[in-house]
Amino acid sequence: MSKGTIRVLQLYPRDMNIYGDWGNALVLQQRLRWHGYTPELLEYNVGDEFPADVDLIVGGGGQDSGQLVIQDDLLSRESTLKELAETDTPMLLICGMYQLFGRFFKTRTGSVIPGIGVLDVETHGTDERLIGNVSVSSPEFGDILGYENHSGQTTLGPGVRPLGATPKGTGNNSKDGQEGARYRNIVASYLHGSLLPKNPAIADFLIRTAVERKYGSFTPGAPDDHYATLAREHAAKRPR
Amino acid sequence: MLYFSVPLGKLVRRVSRLRGGGSALPGLVVEKIDPGFMQRTLSTLPLGVAVVSGTNGKTTTTKMVVELLESQGLKVFTNRTGSNFTRGVAAALLGDVDWRGRLDADIAVLELDEAHAVHFVNRVPPRYSLLLNVLRDQLDRFGEIDKTAQLLQHIASKTTGTVVLNREDPRVARIADTLDGPEVRYFGLDDSLLSTFPNDDDLRAGPGSPVPALPAKPHADVVLRRVGTDDADFEYDGGTVTTGMKLRGVYNIFNAAAALVLARCIAGNGATPTDHDGLLKALSRVAPAFGRGESLVVDGLPLDLVLVKNPSGFRLGLKSFPAGGYATMVAINDNYADGRDMSWLWDVEFDSLREGGVDQLTGSRAYDMALRLQYDDVAIGAVNPEIAPALAAFIQGAKGKPKRIFCTYTAMLAIRRELSKITTVEVVS
């Protein structure tokens, strides 16, 4: 018998899904099942009605052109998303959505694309593209493995803390050796690959906080992470 | 300089082949000592140069164009597999010119990697170009697919005669708007077949979500109307013809429409009028190129190699080759030539493999593939990242069954090497 239903919302899967971000939604869906809960997968694209009773949100990376397409629509949802964030809705924000949940994105030519300011971060476009395999050591989640591909460089303000430090790869920017951002139940990161399959600790954090927020407590199941462990070991050995 | 650059280059080529080396070194040598060699040699061709580029299907399409043109009695120079860089073209030329540097050909049909094509066309403006598609491939090299589209746009802008474009790929079709020099021709697909070509923008668009309005499609010279098990219908010149096809996979047959458009343009500008029956006959005989849907024979049963390198390609591969009755292996490497980024595996649905499961997984990212299949509830036989023992175990375990291997590029090379020890594998020079 199901322990309860969790509604997972994908933000802009049409325009912001270039780096296998679908994998994150798939992993949440399957792991919810493996933990004994019933997932309900929703999606929100430009012009859609925003669904009610969302328990968990995932947003992905897009091309610069994709970001332009969703920009106005996202700004029109600012208050909704802020309220969800401030009431501890777990969210996973990758790459482009990480940037647009910040305060602004200043492009190389100097024009400023406003973000929705859920996260105290700012991003500056650069000519340098940061590409390759990454490992992050996180106090909260242990070693995080993934792949990065971005030219926007993000700096964290005092309102957020980094997800971790990068022994391999670049992360937020080419200066401070940090990757991603953490705020309330939000995990923001430049890592794809996809992020969640090889980092089940983050998937289970999102699931646990979603369930606790909705039902008060979480009783985990026992997912089989044998292949995830082996895939992590092999990924850690691959060159940058 | 001219007098000895060709003999010296040919010598380096011989030595490097004796050593079992690759094709780039002799090209590098001749480029260093005689930088004008490639341009000078190619400029002597009476019908000029045709460039084939795009993210997927270049090798097979180039092979088709060459064979179609040869059916029209033309002498064609081409670069074979593995040498689709400028240096590789120079090396291939060294193999075909005589000792005095003369090339006996009417036209050159060259497969060029998107990024290298840009350098090539700056030096040798092609008379024809055929631009196939911009799929989400090689993001680790180009960053964004829009960037890849810009590279193709540059090839088109340098083309002096005719640019042939894929009407169904919005990023490719849009290139037409940026051109004012060359003539533009299209190849197209019947609407009923469009759903078999999930484009990257539609990968995750849910049913019912609004679809952006598309502009009216331009007229295509050749339209693929239907794909059967071993034949296909093409529409051109106001009529529809049915022809047998040795090639398999909808994507290969769609590229046959592309090859037909280009070959018709070139042959139509040649000395002899186009022999349409000859073209169709040649098309029906084209066999897949090296590793692209090749069918080999192992233990008296077919073993198919299906090259996969991006989500659309893998989806098409799964759709084109039904899993029933086959033993299946998947080999995923993440070397430079495969693409380092594995994210794309998460944009392929593997439900079609659920019924029979996958017998063997291999390659440097075998465990990533296992993890992917686990999340799609596909049963997994064995996993071994080492290709040679994995292949041996797969063949041993699947006795009496036809086999199919989905593989990335460098995994395919390794598999062919191993297979050549037990069966006859087509050798490409």
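Search the structure for amide H atoms under 5 Å from the amide H of B:Ala382, placed 1.01 Å from N in the peptide plane, and list their residues when 5 or more places away or on another chain.
The list, which skips near neighbours in sequence, is B:Gln360, B:Leu361.
Enumerate the calculated ³J(HN,Hα) couplings along segment B:343-348 in order (Karplus 6.51 cos²θ - 1.76 cosθ + 1.60, θ = phi - 60°), each rounded to whole Hz, writing x wherever the residue is Gly or Pro.
So the J values, rounded to whole Hz, are 3, 4, 4, 7, 9, 10.
Return the loop-located GluC sites (Glu not before Pro) in segment A:1-105 (DSSP other than H, G, I, E, B) with at most 15 other Cβ atoms within 10 Å of their own Cβ; answer none if there are none.
Details: sites: A:Glu40, A:Glu43, A:Glu49, A:Glu78, A:Glu83, A:Glu86; in loops: A:Glu49.
When the GluC sites (Glu not before Pro) of segment A:1-105 are filtered for loop state and at most 15 Cβ neighbours within 10 Å, A:Glu49 remain.
Which of the residues in segment B:346-379 lose at least 20 Å² of accessible area when you go from the chain alone to all protein chains together (probe 1.4 Å)?
Output list: B:Trp346, B:Asp347, B:Ser364, B:Arg365, B:Tyr367, B:Asp368, B:Leu371, B:Gln374, B:Tyr375, B:Asp377.
Can you list the residues of segment A:88-131 that have at least 30 square angstrom less accessible area with all protein chains present than in their chain by itself, probe 1.4 Å?
Those residues are A:Arg129, A:Ile131.
Within the set B:Lys246/B:Lys403; A:Lys106/B:Lys58; B:Lys63/B:Lys401; A:Lys168/B:Lys319, which residue pairs have Cα atoms separated by over 29 Å?
Values: B:Lys246/B:Lys403 19 Å; A:Lys106/B:Lys58 38 Å; B:Lys63/B:Lys401 31 Å; A:Lys168/B:Lys319 38 Å.
From the list (B:Lys246/B:Lys403; A:Lys106/B:Lys58; B:Lys63/B:Lys401; A:Lys168/B:Lys319), the Cα-Cα distance tops 29 Å for A:Lys106/B:Lys58; B:Lys63/B:Lys401; A:Lys168/B:Lys319.
Taking a probe of 1.4 Å and counting only protein heavy atoms, give the total accessible area buried between chains A and B in Å², rounded to the nearest 100. Let's see the in-between values first.
Details: alone 10460 and 18710 Å², together 25680 Å².
Buried area (both sides, nearest 100 Å²): 3500 Å².
For a label point 7 Å from the Cα of A:Glu86 along Cα→C-beta, name the residues of segment A:142-178 whose backbone N is under 17 Å from it.
A:159-160, by backbone N distance to the label point.
Among B:Ile266, B:Ala91, B:Gly363, whose Cα lies farthest out toward the positive end of the dipole of chain B, if unit charges sit on the beta carbon of Lys, Arg (+1) and Asp, Glu (-1)?
B:Ala91
Which value at 222 nm does chain A reach when only helices count, each DSSP H run of 4 or more adding -39,500 (n - 2.57), with the total divided by all residues and rounded to the nearest 500 deg cm²/dmol?
On the way: 7 runs with 72 residues, N = 240.
Mean residue ellipticity at 222 nm (helix-derived): -9000 deg cm²/dmol.
With every protein chain left in place, what is the accessible area per residue of chain B in square angstrom, probe 1.4 Å?
40
Could you pull out the GluC sites (Glu not before Pro) across segment A:131-240 that fall in loop regions by DSSP (anything but H, G, I, E, B) with no more than 14 other Cβ atoms inside 10 Å?
Values: sites: A:Glu140, A:Glu148, A:Glu179, A:Glu212, A:Glu233; in loops: A:Glu140.
Within segment A:131-240, the qualifying GluC sites (Glu not before Pro) (loop, at most 14 other Cβ atoms within 10 Å) are A:Glu140.
At a 1.4 Å probe radius, which order do B:Ser352, A:Ser189, A:Ser79 fall into by accessible area, largest first?
So the residues, ranked largest to smallest area, are A:Ser79, B:Ser352, A:Ser189.
Counting partner chain Cβ atoms within 10 Å of every residue's Cβ in A:9-17, what's the average? The partial results should precede the final answer.
Details: counts 0, 2, 0, 1, 5, 10, 4, 1, 7.
Counting other chains' Cβ atoms within 10 Å and averaging over A:9-17 gives 3.
If amide H atoms are built 1.01 Å from N in the plane of the peptide, which residues on other chains or at least 5 residues away come under 5 Å of the amide H of B:Val298?
Counting only residues 5 or more places away or on other chains, the set is B:Leu303.
Counting only protein heavy atoms and using a 1.4 Å probe, what share of the accessible area of segment B:225-271 belongs to carbon plus sulfur, as a whole percent? Numbers along the way, then the final one.
Working: 780 of 1790 Å².
C and S atoms contribute 44 percent here.
Looking at segment A:80-135, which chymotrypsin sites (Phe, Trp or Tyr not before Pro) are in a loop (DSSP not H, G, I, E or B) and have at most 10 other Cβ atoms within 10 Å?
Of the chymotrypsin sites (Phe, Trp or Tyr not before Pro), not one in the loops of segment A:80-135 has a Cβ with at most 10 other Cβ atoms within 10 Å.
So for chain B, averaging the separation of alpha carbon pairs under 8 Å that are six or more residues apart and normalising by length, what relative contact order in percent results? Present the calculation step by step, with values, prior to reporting the outcome.
Details: 824 pairs, mean separation 57.1, N = 429.
Contact order relative to length: 13 percent.
Among A:Pro223, A:Pro162, A:Gly152, whose Cα sits farthest toward the positive end of the charge dipole of segment A:102-240 (+1 at Cβ of Lys/Arg, -1 at Cβ of Asp/Glu, about the Cα centre)?
Comparing the listed Cα positions along the dipole, A:Gly152 ranks first.
Long-range amide H contacts for B:Asn56: which residues qualify at under 5 Å (H placed 1.01 Å from N, peptide plane, sequence gap of 5 or more or a different chain)?
Placed amide hydrogens put B:Asn133, B:Leu135 under 5 Å from B:Asn56.
Ignoring everything except DSSP H segments at least 4 long, calculate the 222 nm mean residue ellipticity for chain B; use -39,500 (n - 2.57) per segment, divide by total residues, nearest 500. It would help to have the intermediate numbers written out before the result.
On the way: 16 runs with 165 residues, N = 429.
Result for chain B, helices only: -11500 deg cm²/dmol.
Picking from A:Gly177, A:Gly62, A:Gly146, which is most flexible by a Gaussian network model of chain A using Cα springs under 10 Å?
A:Gly177
Among B:Ala220, B:Leu419, A:Pro39, whose Cα sits farthest toward the positive end of the charge dipole of the protein assembly as shown (+1 at Cβ of Lys/Arg, -1 at Cβ of Asp/Glu, about the Cα centre)?
The residue sitting most towards the positive pole is B:Leu419.
Ordering A:Trp34, B:Trp346, B:Trp99, A:Trp22 from largest to smallest accessible area (1.4 angstrom probe), what's the sequence?
Working: A:Trp34 70, B:Trp346 5, B:Trp99 135, A:Trp22 40 Å².
Putting A:Trp34, B:Trp346, B:Trp99, A:Trp22 in descending order of accessible area: B:Trp99, A:Trp34, A:Trp22, B:Trp346.
Roll a 1.4 Å probe over the protein chains and send me the accessible area per residue for segment A:130-228 in Å². Intermediate values should be presented prior to the final figure.
Numbers: 3340 Å² over 99 residues.
Per residue, segment A:130-228 has an accessible area of 34 Å².
Roughly speaking, to the nearest percent, how much of chain A's 1.4 Å accessible area is carbon and sulfur?
Numbers: 4360 of 8720 Å².
The computed percentage sits at 50.
Just the accessible area for B:Lys75, please: 1.4 Å probe, Å², rounded to the nearest 10?
Here the residue's solvent-accessible area equals roughly 100 Å².
What is the dipole size for the protein assembly as shown, taken about its Cα centre, with +1 at each Lys and Arg Cβ and -1 at each Asp and Glu Cβ, in debye to the nearest 20?
On the way: 72 positive and 79 negative charges, 458 e Å.
Approximately 2200 debye in magnitude.
Output wanted: per-residue J couplings in Hz (rounded whole) for segment B:249-259, from phi through Karplus 6.51 cos²θ - 1.76 cosθ + 1.60, θ = phi - 60°, x for Gly and Pro.
Karplus values, whole Hz, x for Gly and Pro: x, 4, 5, 5, 6, 5, 5, 5, 5, 4, 4.
The values are calculated or read from the model by the stated rules, or taken from the named source; none is laboratory data. The structure displayed is predicted, hence computed values, not measured ones. Cβ coordinates were reconstructed from backbone atoms using ideal geometry, including for glycine residues, and neighbour counts include every protein chain displayed. Only protein heavy atoms, including side chains, enter the accessible area calculation; ligands, DNA and RNA are left aside. Shrake-Rupley method; radii C 1.70, N 1.55, O 1.52, S 1.80 Å.
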